[in-house]
Structures are given as structure tokens and as C-alpha cells.
Amino acid sequence: MNNRHLYILSALLFLFGLGLFLYKVVFLGFPVTPGQETNVWEIEVKVNFIASDRPVKVYLYVPRNLRNFSIINENFISRGYGTSINTSDGNRQVVWSIRRANGLQTLYYRAIVEKLESKQSATALKEVKTEPYSYEGADLEAATAILQEARQKSADTISLVLQLIELVKNYETDDNVNLLLRGKPEQENMLETIINILSLETIPARLAHGLKVNEQFGKVQPVSWLEVYIDNQWVTIDPLTSQIGQTGDQLLLWLGTGRIVNLVGGQDLHVDINVTQTGLESISAASTREKILHPVIWKYSLNSLPLDTQRVYSVLLSVPVGVLILVLLRNLIGIKTFGTFMPILIALAFRETQLISGLVLFSVLVAAGLTIRFYLEKLKLLLVPRLAAVLIIVIILMLMLSIISNQLGIESGLSVALFPMVIITMTIERMSIVWEELGAHVAIYQGLGSLLAASIAFLVMNFSLVHHLVNVFPELLFMILAFTLIFGRYSGYRLLELRRFKSLAGK
Amino acid sequence: MKLSQAGVMGINRRNCDYIHIYNPRRDYPLVDDKLRTKQLAINAGIAVPELYGVIEIEHQIRELPDFLKKYPDFVLKPAHGTGGEGIEVIVGKVKNAYKKANGQLVSEEQLQHHVSNILNGLFSLGGQEDKTIIEYRVKFDPVFDAICFQGVPDIRIIVFLGFPVMAMIRLPTQMSGGKANLHQGALGAGIDLATGRTLNAVWKNEIVFEHPDTHNPVQDFAIPRWEELLMIATRCSEQTGLGYLGVDIVLDRVKGPLLLEMNARPGLSIQIANHFGLIHRLEFIKTNGRLLGSAADKVSFSRRYMSRIR
């Protein structure tokens, strides 16, 4: 009856951990194996201009989190400038301002963005309405004529838009279009004209600008495209290729007219945009995705902690794995160790010393300590002062080992300082008692058992996949807890008991 | 698996299915503290080695030699010791030195240091501070002369729900230094519950037929006052409330059976000494033994059935 309670509890813990784990893998895209890279790009916008001892304001359109891109990190490099960010009409604009500047000025905006593979459709938008553009006189007639012509050749809104693009592109042969363009056949002007003509038909449309973020990286120029509101959705139409729908690599910077940078109070503006793919690990990308999708959960997760604290936890989180290994070794196999958790602490120290040199250092330290401890036995000291004396001697030994190995040029000897000295002291004390009471072979046998357990725990804890998993998916601790609870009621034989009771099995 | 067919109990099984279920944690101090065990036994009319004195604080150690003048021989032991650790048996005095059971001499200073170690918790569970018990040294019954080397042989009886289920006698050897612990090299011989005669013997995990030091046969040796020993074990179990208990009894040549100590986590080597697993017997008691009430009934039940389960 008790066992059922335990099994249910363990199953719940296990499923809870597994559920969270699977959710993060499948829906948030956290990588299961270390070192996976995703589509992460670095975008750098460099703004150059000459200032002439007057107040300067620079407006730069910057990306925001979108359906196809998320911003992992961004920073603004601008010495002496005040920085603020405006968000209006769905556009995000950084404003750099300074009271007085002179000479060549250089400002940087850097962002790390990740391309998302999301297939999900946009959430339904609220009704978008548009007012007919106020064309007058000849303009109105020309626009109506163009619209008429396009409508005759089209079946629905999309084909109407495509026809319009076709007509406006061939402005040289069409007087009506020529009139509306007013002799300025730039792409932006063309697109604006199309939007205006569409407004006569009360079809909402807008001008969008952004960057093409794809395999060709290096210097890029902003591109413009048309977005038409059809069936409650903004449909992207590329005016050059007439391609319909977003290609996924278009990073929207701003909507409407205007340039990427607006400069007030300076001259000779130059804007360079660079796009490069970066090798950032996908964990931070996924974590950012979590931040966008579940801001509350993110707030209470490991990733929200300061980096220093995260580093401490990256060590702590591997301890439960080691503890589970220890449970297996002790209760399933039956290896005897000095102190319950001593091997785990030794294994943690091995992280710094590495395995082989760690084993050597530990053995040297314990052997030297044990020798001195046997001598102390002759002095008949009280227990606590004796333990204190051994602790002090352990520290002196550690220092000597470090100095000697430094002189010999053995770098790994320096890391002896990372061994848990109190644990070593207690190990020496326990070992000397066992040595005297039960004999040297028992003491050495148990000492070797401890080292074996520490080595196995170290190898498992430092296995890069294990380390990665517990750090990225701390919820796995619930699964480890479930296993530990189950082992708490394991009443079968230990592996070494099979040998101990061998004579009884023969019957 | 052959082991489970033989009903051999492993540590996990003992802890999970017996100790955690039949031994309430609050009753542990009764057996972990040997002073309380002594008091409990005295109250129940069970004979124990006479208590000479208790040392509780460091300061008392100075008066130890004076105090010990009265007693030509005695035993020093930690009240919370485990596995026989920290027990010092003094058989006599040579001038200012004390003679140990194995013939070694210890100075007054060494003895005082040993007591200090005990007080500081060197031998107690978890290293908590401890007391030193000074008590009567058991002079074992001469019937054991032939199969015993120094020290005192003791009889371990496992009692489950008040029923003796398995027993063995532990015989000190030269290797065990006069101590009666199997893992220290003592010889263990299983005892037939019905007859009180020894079965096969085990030394260092191997079956032997004679004592390694005296070379006398250890099989089919009759333990005196067997019924009495079983009664003590059963009554101990009733007194403590511990369902799964190891009871250690010695036979003194003058005072007869004396309760030495009890153990709430008795070891598993008794199975090797008996060449038989515990589980079948424990299961039998679980299903058939519940209805019996009096200690005598339980003992006769055990004597009738336990030996048949082999």
C-alpha cells in the first residue's frame, strides 16, 4: 500500500519532468544535444555623418520581434549620445541625440536575430479600413483609368494588385502612369502610387521596408515591398519578382514612407548595413523564444539569473546526476565508500584537476595525511583537536603539493587547492580508524571503492551530453528525483551480495 | 535467481521490508544506547552484566584509575558503539598497566585516552558525544573452552515479531583478537533452533569444521540452557517493541545467561553461518505466527517449526 503511494508520486514527478522536457524540446526548440546551431544572424548598421557644432538627432529604424525573426540581443554603440527607443505605428525607432557634436560621427546598431521556422499563421487582425486617396482632376481620372484597366485583366484582389504592378512598371508606354509618377520613376514612388490607386478601391495596402537575411551575407541595402490587406491578412508582394507571400528571410524594419535613417543637424549621411551569420549556440536563441512566448515562465527560469549565478548552478545541477550514480553504486552494486557523499565532492574537484592527475593528487594527499595521522595517534590527542590538527596538516600538504608541482612545471598540481579539505580530513580520520579496527586491507578496499565511485561520478557528470541536458533542462531533476525515490524501495540483492552469499545459492 | 529461491536476504531487502516496517524509529534509542538497554532488561528481570560505572564527562577520566582499583577485571565500552567497535576487555592488572584479553598491556594513559575517544564520539553513530560504560567482564562457561580462543563467545538470536527465527554462536579466534564479530575474523556457527546444537560453521566466509586455533570440531556442539536463551530473546523483543531484532546473549559460568546487547539492524552473516536464508522463515512467521501470545508459546512454536524450514 505504501509502495503504490511511492510509485504514483514517482510517476507524477517523472511525467512532470518529462512533460516539461518534451515541451521545451518540441515547442520551444531547445536543442537536445550540445553545440547545435540555428539560424542566428548578426546585423550591424553603421551610420556615418559630419556634424557641425550643432544639436544632432539621428532616427534609425530597428527591427522588432516578429513572426519570422526574434531578437536575441541588441546594443547601441554611440559615444556621448543619448539613446531612446520610440515605438509607434508598429515601427521601432532608435533616437540618438546630442546637444553639440563636431566632425565625423559614427554610430552603430548591432542586433543578433534568429530566423524562426514558424509555420503558424498570424493572429487574426482587427478590421483594417482605408480612405480613398484624394486625387483631383486629371490625376483622379488617370488613376481611375489605370484601375479600370487592371480590373478588366484580373479576377481577384491579388491579381488586381499584380496587374497594377505590371502597369506601373511599364510607365514609359502609359501616359496615365507617367502623370501620376510625376517623372520620378523610383521604386518607392511607384509603390506609393500603387497604394494610392488601391485606396480608391478601398483595398488597404502599405509600404514595407526591410532587409533580406539569407545565405548571401555582407553589405546589404534595405529593400521595399508591398503589403496588401486581403482576407484579414497582410499579404506580402514583392514588386520586383511579383512573388506573393513572405519568403521568410525578409526582416521587416519599418512600414510606410521614409528612409532607414533620418538625420537632423548633420550632413554627408552614409549608412552601411552588414549581415553575417553567427555561430551562437541555439540555447540562447531558444531561451529568447521562451522569453517571447512565455514571459512569465522565462522570468522564473534559470536563464533569467545573472551569469555568475548561472555558472554556479551549472555545477550544482550536475550534482544530482552524480548522486543518482552514487545511489546505484551503493544500493545496486554494493560498493562501500567513506562517507555517503564524499565521492561526489571528490568528483566535483576532479572537474578542475582532470581525472588522472586528480586521482594521483588525491591518493598522495590521503596517503601523506594518513601517515601523519598515525603519528598523531601516538600523541593521544582529544578527538576534536586531533581532527583540527589533521585539517591544518591537510592544508599544509596541499600548499606543499602546489609549490612542488609548480617548481616541477606540472600545472595540474596547482589545482590540488580545489579539493574539499574538510572531506579529505574526515576521510583520513575514518580511514585510519578503519585501518586500526578492521585492518589495512579493509581500509584500502574502502578507499579504492570511494575513488572508483568518484571516478565514475566524474565521468558521467562531465559527459558533455549530461552536462548540457541538466543545464538546459533543469526539469530533468524531477525525473532524477523520481528514480531516486524508486531506488529508495529497491529490496533486491546488491550485485556484491551475490558473491557474498554465493555459498548459499549452490543449494 | 538461485539466491532468492534460497530465501537469502540482502541489505536492501532487510532495510526496506523489515527494519523500516517493523522497527519504529522511536524505539531505536532503547537498543542503540546500551545503558538504556541495561535498564530495560533489569526492569524486565532479564540478567545483564553488572554495571560498575559510567563516565560521561572528560573530567571524570582523571579519577578512572582510582575507580578501577576495586575491580580486578572489567569491560570498557561506548554506550552507542556499533559493530563491536571501541570495546576494551581488561582481564587483569600488572603493576600500573592493564592486561587486555589478548595478553597485550595498556598503560593507564592509553586507557584514559581510549575513554576520551569514546566520549568524543569516535565510535558512535554519526560521531555524537557518547558515554563510556564500565561493566562486569563475562567469564564464559567452561563448556566453550574447547572451541574458543580468548574472548567470550556470544550467541546471536534473530527475533521476528517475538519469534526466534535464526541463531548462531560467534566464537572469537586469534585473528579476531578476542572479539566476537564475524567481519573481524571470528568464527560463526549456525544453531539448530529445535535442539540448540551447532550446525556448520563459517570462518572468513568459508565453511569450516574445526576451530582454526584450538582445532576442535565446532559442529554438533550442544549449547547449554538453550530454552532459557530463546526465552530471553523473545522477552527482549517484547520489551523493546522492535519487530525485527538481533539479541546478543553470553553464558557466564557463574551468573548464567546475560543479555549483552540488542541490535535494531542485525547483520546478515547469520545466513552464511546457518547456510540458509532468512526470508522463508520470516514469511512463515508472518503468515502463521500472529495468533500466539505468550513468550513460551512463541518459543515452542519456533522450536517446532523453524528448523523444519530448511
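The values are calculated or read from the model by the stated rules, or taken from the named source; none is laboratory data. On a predicted model such as this, the values are computed, not experimentally measured, just so you know. A quick note on method: Cβ atoms are made from the backbone with ideal geometry, for glycine too, and the neighbour counts reach across all protein chains shown.
Which of the residues spanning region A:225-244 are closer than 21 Å to A:Leu116 by Cα and without any contact (Cβ under 8 Å) to a residue 60 or more places away in the chain? Step through it out loud before you land on a result.
Step one: filter region A:225-244 for residues closer than 21 Å to A:Leu116 by Cα, giving A:225, A:227, A:233-238, A:243-244.
Hits for region A:225-244 are A:Trp225, A:Glu227, A:Thr236, A:Asp238, A:Gln243.
So A:Val390 passes all but one of these: (1) surrounded by fewer than 16 Cβ atoms within 10 Å (Cβ to Cβ); (2) within 14 Å of chain B (Cβ to nearest Cβ); (3) modelled with pLDDT of 80 or more. Which condition number does it fail?
(1)
Look through B:Gly246, B:Gly267 and report the one residue that is closer than 21 Å to B:Gly178 by Cβ, within 14 Å of another protein chain (Cβ to nearest Cβ) and under 17 Å from the mean Cα position of the chain (by Cα).
Every option except B:Gly267 fails the conditions.
Can you tell me which condition B:Ala79 does not meet? The list is (1) farther than 21 Å from B:Ala186 by Cβ; (2) buried (at least 20 other Cβ atoms within 10 Å of the Cβ); (3) within 13 Å of chain A (Cβ to nearest Cβ), and all the others hold.
(3)
So which pairs qualify, if the first residue must be in region A:130-156 and within 18 Å of A:Asp175 (Cα to Cα), the second must be not in a helix (DSSP H, G or I), the Cβ gap must be under 7 Å, and the two must be at least 6 apart or on different chains?
Here the result reads A:Ala143/A:Tyr135; A:Leu147/A:Glu201, each pair linking region A:130-156 to a residue that is not in a helix (DSSP H, G or I).
Which residues, counting only those in region A:254-280, are aliphatic (A, V, I, L, M) and either in a loop (DSSP other than H, G, I, E, B) or at pLDDT below 85 (or both)?
Answer for region A:254-280, where residues must be aliphatic (A, V, I, L, M) and either in a loop (DSSP other than H, G, I, E, B) or at pLDDT below 85 (or both): A:Leu255, A:Ile260, A:Val275, A:Leu280.
Over 43 Å from the mean Cα position of the chain (by Cα) and assigned by TED's automatic domain parsing to the domain that holds A:Ser318, is that true of A:Lys336?
Values: over 43 Å from the mean Cα position of the chain (by Cα): no; assigned by TED's automatic domain parsing to the domain that holds A:Ser318: yes.
Spelling it out, it is not the case that A:Lys336 is over 43 Å from the mean Cα position of the chain (by Cα) and assigned by TED's automatic domain parsing to the domain that holds A:Ser318.
Go through (1) within 14 Å of another protein chain (Cβ to nearest Cβ); (2) in a strand (DSSP E or B) one by one and return the number of the condition B:Arg14 breaks.
Status for B:Arg14: all satisfied but (2).
Out of region A:262-276, which residues are out of contact with any Asp or Glu (no Cβ under 9 Å at 6 or more places or on another chain) and surrounded by 14 or more Cβ atoms within 10 Å (Cβ to Cβ)?
A:Asn262, A:Leu263, A:Gly265, A:Gly266, A:Leu269, A:Val271, listed by residue number.
Would you mind stating whether B:Leu251 is assigned by TED's automatic domain parsing to the domain that holds B:Gly177 and either modelled with pLDDT of 85 or more or in a helix (DSSP H, G or I) (or both)? Full working, then the answer.
Values: assigned by TED's automatic domain parsing to the domain that holds B:Gly177: yes; either modelled with pLDDT of 85 or more or in a helix (DSSP H, G or I) (or both): yes.
So B:Leu251 fits the description; yes.
Within region A:438-486, work out how many residues are among the aromatic types (Phe, Trp, Tyr) and over 23 Å from A:Phe16 (Cβ atoms).
Number satisfying all stated conditions: 3.
Considering each of A:Ile283, A:Ile292 in turn, give the residue that is at pLDDT 70 or above and either within 22 Å of A:Asn91 (Cβ to Cβ) or surrounded by 15 or more Cβ atoms within 10 Å (Cβ to Cβ) (or both).
Answer to the check: A:Ile292.
Looking at the structure I just gave you, is A:Phe338 in contact with a helix residue (DSSP H, G or I) (Cβ under 7 Å, 6 or more places away or on another chain), aromatic (Phe, Trp, Tyr) and in a helix (DSSP H, G or I)?
Answer is no for this residue.
Restricting to region B:152-172, give me the number of residues that are surrounded by 22 or more Cβ atoms within 10 Å (Cβ to Cβ) and assigned to a loop (DSSP other than H, G, I, E, B).
The number of residues fulfilling the criteria is 4.
Here's a check for you: in region A:15-70, which residue that is of a type in the set (Phe, Trp, Tyr) and touching a strand residue (DSSP E or B) at 6+ places or on another chain (Cβ under 9 Å) is surrounded by the most Cβ atoms within 10 Å (Cβ to Cβ)? First the steps, then the outcome.
Residues of region A:15-70 that are of a type in the set (Phe, Trp, Tyr), as a first pass: A:16, A:21, A:23, A:27, A:30, A:41, A:49, A:59, A:61, A:69.
Filter once more, so that each one left must be touching a strand residue (DSSP E or B) at 6+ places or on another chain (Cβ under 9 Å): A:41, A:49, A:59, A:61, A:69.
Working: A:Trp41: 22, A:Phe49: 21, A:Tyr59: 17, A:Tyr61: 24, A:Phe69: 26.
Restricting to residues being of a type in the set (Phe, Trp, Tyr) and touching a strand residue (DSSP E or B) at 6+ places or on another chain (Cβ under 9 Å), the top hit is A:Phe69.
Quick grid of which residues meet (1) closer than 30 Å to B:Leu3 by Cα; (2) within 14 Å of chain B (Cβ to nearest Cβ); (3) of a type in the set (Lys, Arg):
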{"residue": "A:Met426", "(1), (2), (3)": "no, yes, no"}
{"residue": "A:Arg430", "(1), (2), (3)": "no, yes, yes"}
{"residue": "A:Ala457", "(1), (2), (3)": "yes, no, no"}
{"residue": "A:Met461", "(1), (2), (3)": "no, no, no"}
{"residue": "A:His468", "(1), (2), (3)": "no, no, no"}
{"residue": "A:Ser491", "(1), (2), (3)": "yes, yes, no"}
{"residue": "A:Leu498", "(1), (2), (3)": "yes, yes, no"}
{"residue": "A:Lys502", "(1), (2), (3)": "yes, yes, yes"}
{"residue": "A:Ala505", "(1), (2), (3)": "yes, yes, no"}
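Of the residues B:Gly7, B:Gly45, which is surrounded by 14 or more Cβ atoms within 10 Å (Cβ to Cβ) and either at positive phi or hydroxyl-bearing (Ser, Thr, Tyr) (or both)?
Sole residue among the options that is surrounded by 14 or more Cβ atoms within 10 Å (Cβ to Cβ) and either at positive phi or hydroxyl-bearing (Ser, Thr, Tyr) (or both): B:Gly7.
Could you run through region B:101-111 and say how many residues are at the interface with chain A (Cβ under 8 Å from one of its Cβ atoms) and either modelled with pLDDT under 85 or buried (at least 16 other Cβ atoms within 10 Å of the Cβ) (or both)?
We begin by selecting, within region B:101-111, every residue at the interface with chain A (Cβ under 8 Å from one of its Cβ atoms); these are B:109-110.
If we keep only those that are either modelled with pLDDT under 85 or buried (at least 16 other Cβ atoms within 10 Å of the Cβ) (or both) as well, we get none.
Counting residues in region B:101-111 that are at the interface with chain A (Cβ under 8 Å from one of its Cβ atoms) and either modelled with pLDDT under 85 or buried (at least 16 other Cβ atoms within 10 Å of the Cβ) (or both) gives 0.
Are any residues in region B:172-187 of a type outside the set (Ser, Thr, Tyr) and away from every other protein chain (no Cβ under 13 Å), and if so, which ones?
Selection gives B:Pro172, B:Gln174, B:Gly178, B:Ala180, B:Leu187.
What is the one condition in (1) within 14 Å of chain A (Cβ to nearest Cβ); (2) under 30 Å from B:Gln60 (Cα atoms); (3) modelled with pLDDT under 80 that B:Gly151 does not satisfy?
Against the list (1) within 14 Å of chain A (Cβ to nearest Cβ); (2) under 30 Å from B:Gln60 (Cα atoms); (3) modelled with pLDDT under 80, B:Gly151 comes up short only on (1).
For B:Val48, all conditions in the list (1) assigned to a helix (DSSP H, G or I); (2) more than 14 Å from chain A (Cβ to nearest Cβ); (3) in contact (Cβ under 8 Å) with a residue 60 or more places away in the chain; (4) not acidic (Asp, Glu) hold save one; what is the number of the exception?
Here B:Val48 meets the rest and fails (1).
Give region B:188-214 a look and list any residue that's of a type in the set (Gly, Ala, Ser) and more than 14 Å from every other protein chain (Cβ to nearest Cβ), or say none.
Matches in region B:188-214: B:Ala189, B:Ala194, B:Gly196.
Could you list, in sequence order, all residues of region A:84-107 that are surrounded by fewer than 15 Cβ atoms within 10 Å (Cβ to Cβ) and not basic (Lys, Arg)? Talk me through it step by step, then tell me what you get.
Kept after step one, since they are surrounded by fewer than 15 Cβ atoms within 10 Å (Cβ to Cβ), are these residues of region A:84-107: A:84-90, A:99-100, A:102-104, A:106.
Matches in region A:84-107: A:Ser84, A:Ile85, A:Asn86, A:Thr87, A:Ser88, A:Asp89, A:Gly90, A:Asn102, A:Gly103, A:Leu104, A:Thr106.
Tell me, which strands (runs of 3 or more DSSP E) lie completely within region A:175-231 with 1 or more residues that are buried (at least 20 other Cβ atoms within 10 Å of the Cβ) and modelled with pLDDT of 80 or more?
Ranges flagged: A:205-212, A:223-230.
Could you please let me know if A:Phe14 is modelled with pLDDT of 85 or more and assigned to a helix (DSSP H, G or I)?
Criteria met by A:Phe14.
So is A:Arg373 within 14 Å of another protein chain (Cβ to nearest Cβ), crowded, with 21+ Cβ neighbours inside 10 Å and outside any loop (DSSP other than H, G, I, E, B) or not?
For A:Arg373, the condition - within 14 Å of another protein chain (Cβ to nearest Cβ), crowded, with 21+ Cβ neighbours inside 10 Å and outside any loop (DSSP other than H, G, I, E, B) - is met.
Please go through region A:400-409 and pick out each residue that is touching a residue at least 12 places away in the same chain (Cβ under 8 Å) and surrounded by fewer than 20 Cβ atoms within 10 Å (Cβ to Cβ).
A:Ser402 - this is the single residue of region A:400-409 that is touching a residue at least 12 places away in the same chain (Cβ under 8 Å) and surrounded by fewer than 20 Cβ atoms within 10 Å (Cβ to Cβ).
Step by step: first the residues of region B:17-37, then only those that are of a type in the set (Lys, Arg) and without any contact (Cβ under 8 Å) to a residue 60 or more places away in the chain, then the one that is nearest to the other protein chains (Cβ to nearest Cβ). Which residue is that?
The qualifying residue nearest to the other protein chains (Cβ to nearest Cβ) is B:Arg25.
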